[in-house]
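Here the structure is laid out as structure tokens; the discussion comes afterwards.
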Amino acid sequence: ILKDLGKLKEAEFFTRKAIQLKPDFAEAHCNLGSILSNVGNLPEAESSQRKAIELKPDLAESHLNLGGILNELGKFNEAINHYKKAIKFNNDLSMAKAGLIKTKGDICDWSDQDIQSIWLKNLGIKGSSVSPFSLLPYQDDPLKHLKRSQNYYQQNYYQPEYSIPLSNKDKIHIGYFSADFKSHPVMLLFSSILELHDKEKYKISLYSFVQKEDEYTERAKKSGCIFKDISKLDHIEAVAFARDEKIDIAVDLMGYTRHNRFSIFSSRIAPIQINYLGYPGSIGTNKLDYIIADNIVIPDGHEKFYNERIIRMPNCYLCTDDKMEISNDFFTREDCNLPNKGFIFTCFNGLKKITPNEFDLWMRLLTKTKDSVLWLKGSNKMAINNLCLEAEKRNVDKNRLIFANNLPLDQHLARHSLASLGLDTFAFNGCSTSTFGLWAGMPILTKIGESFAARFTASLLNSMGVTELITYSNDEYEEVALRLANRPDELLE
């Protein structure tokens, strides 16, 4: 109960008390591991789950939890092993199947695609729920995304309706809630908006539950908005505090992303509650009254895929930090391990967004474009090794895949000048990644899909008036990429 209320320290105390009274109580060790994982103590969380499994080897819940911990620790093969054990001991454990799909996606392991396709038909829709965000890269189906969100809300966040009346006051009070007022894609895009808000006309408050503050937190604090740290408040305290603040419009910048506290919004804290930026889709409940979008990410006719009513921005729903600096450092191809000549296809999206669907097409582009390479974002070694193996299965030399190392944002933006053409992923486009690429002057080719996350880049390109880079099928995407690779004048334009 205390864990569900967000009283994690007290929950830990009483769970340790249970273990003290009954040291062989496997479920208590499992619960302790879950609590420790929530507070970020992964090594001890791992030990607790292993103890639970030692006491009760068929405890599916502990295998599931250990899989999640090992994934976070980068022990991907072990994580996969424990997810499989969780499924073996409880085939109805949807979270274990979703965790297995996600972990295999994290390392670009595309084995067992047939089984995963069968699971994805109803996973998280019928039976127990799964976190909807984790499956967005693997399926472009807005109806399934909606049903997963509805099921997830009902099983994890449902609260009875609570009404808050609108009140007349001199200044409309807008409150933004997030754990991501830090170096995170949301703040990398959103920082300027906070600074540009009209504080004479509106009262703007930032309600933060950032776990570790950094320079972007400082920027939020200096934005002229009122910054309030609510990270130490449990769910009930946070709701009471937020209601006392008399917010008129509460904006959830997280949805079902990591470290969210959607329980605050499910309890209702303002007469108008809005879903924006963090989660690309419906939350699956009318507790969020609106979602901010545009005519591309949610076109006419797609309203049926959203519980929220749609607020459409006139151009693009995404904001860009107009203070993003591009380093003056001059990068050569040699600096970035790129060949001295040849066409450079580029995708800096997270490797987990790459599926066989894109990769088959990209390998054909390399085969048909002499001396070309594919420049990808570096990641864990297993993902890199698996992509190299997949390239060779398609008769492409693995050395034609170049993996970029991590750089500070300003230098990362500067090295885009070496790229010839950006290639977008399909079911889950680049969001901040596409914004950065376009800001740095790199053209990005996209294929517009059906879901919100499959339409980000098309929205950006449409707002810029570069609609010739929006394609509508795999064949057209491949055809345009090949044409641009062979027509430098058109590409330059």
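The portion of the accessible surface of region 343-481 made up by carbon and sulfur, rounded to a whole percent, is 48 (1.4 Å probe; DNA, RNA and ligands excluded).
Trypsin sites (Lys or Arg not before Pro), restricted to region 176-231: which are DSSP loop and have at most 11 other Cβ atoms within 10 Å? Walk me through the numbers before you get to the answer.
On the way: sites: K182, K199, K201, K203, K212, R219, K221, K222, K228; in loops: K182, K199, K201, K212, K222.
Here the sparse-neighbourhood loop sites are K201, K212, K222.
The residues of the chain have, on average, 46 Å² of accessible surface per residue, using a 1.4 Å probe with all protein chains present.
So what is Rg over Rh here for region 209-301, counting just Cα atoms and using Kirkwood for Rh?
Details: Rg = 14.3 Å, Rh = 14.6 Å.
Value, to two decimals: 0.98.
Mean separation of Cα pairs under 8 Å and 6 or more residues apart, divided by the residue count, gives region 65-218 a relative contact order of 16 percent.
Of the trypsin sites (Lys or Arg not before Pro) found in region 46-133, the ones in coil according to DSSP and having at most 14 other Cβ atoms within 10 Å of their Cβ are K121. Volume per residue of the convex hull around the Cα atoms, evaluated for region 98-204, comes out as 157 Å³. Applied to region 326-332, the Karplus parametrisation 6.51 cos²θ - 1.76 cosθ + 1.60 on θ = phi - 60° returns per-residue 3J(HN,Hα) values of 9, 4, 7, 4, 9, 9, 9 Hz, with x for Gly and Pro.
Residues in region 447-461 carry Karplus couplings, in order, of 10, 6, x, 9, 7, 3, 5, 8, 10, 3, 5, 4, 5, 4, 5 Hz; the curve used is 6.51 cos²θ - 1.76 cosθ + 1.60 with θ = phi - 60°, and Gly or Pro positions show x.
In square nanometres and to one decimal, what's the mean projected area of the convex hull around the Cα atoms of region 377-477?
7.3 nm²
Take the cross-link list K341/K377; K228/K287; K3/K144 and give me the ones stretching past 26 Å between alpha-carbons.
Check vs 26 Å cut-off fails for K3/K144.
Taking amide hydrogens as placed 1.01 Å from N in the peptide plane, the amide H of I444 sits under 5 Å from those of G422, each at least 5 positions away in sequence or on another chain.
Order M187, M313 by their accessible area, 1.4 angstrom probe, all chains in place, largest first.
Listed by decreasing accessible area, they come as M313, M187.
Measuring against 27 Å, Cα to Cα, the residue pairs K22/K102; K169/K221; K201/K222; K51/K85 contain K22/K102 as the ones spanning a longer distance.
Loop-located GluC sites (Glu not before Pro) across region 70-175 with a Cβ neighbour count of 14 or fewer within 10 Å are E161, with loop assigned by DSSP.
Whole-Hz Karplus values for region 212-229 come out as 9, 6, 8, 5, 6, 5, 4, 5, 4, 5, 8, 6, x, 7, 8, 9, 10, 8 Hz, taken residue by residue from phi with 6.51 cos²θ - 1.76 cosθ + 1.60 and θ = phi - 60°; glycine and proline positions read x. Relative contact order for the chain: 12 percent, from Cα pairs under 8 Å spaced at least 6 residues apart, divided by residue count.
When peptides 43-49, 334-340 are ranked by their average number of other Cβ atoms within 10 Å per residue, the highest-first order is 43-49, 334-340.
Taking amide H positions as modeled 1.01 Å from N, with prolines and chain starts lacking one, the residues under 5 Å from F403 and 5 or more places away or on another chain are L376.
The values are calculated or read from the model by the stated rules, or taken from the named source; none is laboratory data. Here the structure is a predicted model, which means the values were calculated and not measured. Backbone-built Cβ (ideal geometry, glycine too); neighbour counts: all protein chains shown. What goes into the accessible areas is simple: the full protein's heavy atoms, side chains included, and nothing from ligands, DNA or RNA. Shrake-Rupley method; radii C 1.70, N 1.55, O 1.52, S 1.80 Å.
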